[in-house]
1. For segment 12-26, what does the Karplus curve 6.51 cos²θ - 1.76 cosθ + 1.60, with θ = phi - 60°, yield as ³J(HN,Hα) per residue in whole Hz, taken in order and with x for Gly and Pro?
2. Rank-order 26-34, 95-103 by packing density, defined as the average count of other C-beta atoms within 10 Å over each peptide's residues, highest first.
3. With a point put 7 Å past each Cα toward its Cβ, work out how far Ser56 is from Lys7 in nm, to one decimal.
4. Using amide H atoms built in the peptide plane, which far-off residues or other-chain residues are under 5 Å from Glu63 H to H?
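Laboratory data are not the source of any read-out in this text; all were calculated from the coordinates shown. Everything quoted here is computed from the prediction, not taken from an experiment. Virtual Cβ from ideal backbone geometry, glycine too; neighbours counted across all protein chains shown.
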Amino acid sequence: MKSKARKVNEVLKAVVEAITHYEKTGNHKQVTFQYRANKRTPFEFTGWKHEHQEDSPRMILPEEIYVSESGKMLVRGVENRYNLKQFQNQFDNHPRSYRVDRMII
């Protein structure tokens with residue numbers, strides 16, 4: 001089993017590569033990851049949603065990394081949930097931030 005530091009390093013490597021590509025070319029590079037639901041702030045969701053949310057891959061087009069006031073490292077970019085051609089004209093991609101320590105690649 002990989003250590004937490006090693007997992008975070010893998011995520012950072014993928015995100016930094018995507019950000020570097022974006023800065024050099026102006027084109028986004030997608031990072032696909034899973035997000036640990038069991039470490040989330042509790043909301044009034046059903047148990048089913050929390051159980052299956054981690055199974056669903058998320059996609060982001062990273063643009064920058066920043067540190068929050070509380071010291072958490074976050075990736076800011078554009079959510080690429082609607083990357084399928086049939087959805088591209090129906091929905092706009094939304095700006096989004098994710099905590100690096102919760103991302104799993």
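1. Working through the residues one at a time gives 4, 4, 5, 5, 5, 4, 5, 5, 4, 4, 4, 5, 6, 10, x Hz.
2. Values: 26-34: 14.3, 95-103: 17.0.
Ranked from most to least packed, the peptides come out as 95-103, 26-34.
3. Placing both labels 7 Å along Cα→Cβ, they lie 2.0 nm apart.
4. Arg76, Gly77, Val78
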